[in-house]
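What follows draws every value from the coordinates through simple rules; no lab data is involved. Keep in mind the model is a prediction, meaning the values are calculated, not measured. In this analysis, Cβ positions are derived from the backbone assuming ideal geometry, glycine residues included, and neighbour counts consider all displayed protein chains.
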């Protein structure tokens, strides 16, 4: 189902290191995921270290809820997509990705996440990062954009978090940040990893 998308992502990671895709997944699945993010409970304050153990709201102020299989529901369907991408990346790029982890993220008005790498220093773990947006009617004046730089600290891209947009990038190469949201913002953040579960 997603073979062409997997191929496009893989080629972009080789050539540019990142890709931004509009309307990446089935609209029905995207809407189901949006509904879950907006209406399910269990969100906790996000952290800034592996496993989200250390909370520092001066660096990161959003809340999260980890995604897991839900017996064929929207979360399982999303994880089936990422499992297929993991297998494709391993087969074509020999990355040795062991598993994928992801969470819903909600940024309330005024929330942000300062510039950071997804891969933790001196510890090879997160290899490929993903962000999938779940926001209807989002405009540049609403804030909450994802800003991406390269390793040389040169600005590369400003991404509006519009419904169905998927961003995939190499975790160790691109520092990025979420600027202050001016209305409530919903997304799924995830990482393909090479360390053990």
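Overview of results
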read-out: Per-residue Cβ neighbour rank within 10 angstrom, fewest leading, 1, 34; value: 1, 34
read-out: log₁₀ of I(q)/I(0) at q = 0.09, 0.16, 0.18 Å⁻¹ - the chain, Debye sum with one point per alpha carbon; value: -0.30, -1.06, -1.42
read-out: Estimated D of the range 84-123 in µm² per second, where Rh is the Kirkwood radius over Cα pairs and Stokes-Einstein applies at 20 °C, 1.002 mPa s; value: 160 µm²/s
read-out: Potential extension, residue 8-residue 66 segment - 0.36 nm per residue separation minus Cα distance; value: 18.2 nm
read-out: Rel. contact order, % - alpha carbon contacts under 8 angstrom, at least six apart, the chain; value: 28 percent
read-out: For 129, 76, 140, order by how many other beta-carbon atoms lie within 10 Å, fewest first; value: 140, 76, 129
read-out: The chain: calculated mean residue ellipticity at 222 nm from DSSP helix runs of at least 4, using -39500 (n - 2.57); value: -7500 deg cm²/dmol
read-out: Per-selection metrics, the range 1-114 (Cα): Rg and Dmax in Å; value: 15.8, 42
read-out: Footprinting exposure proxy for 109, 59 (fewest neighbouring C-beta atoms within 10 Å first); value: 109, 59
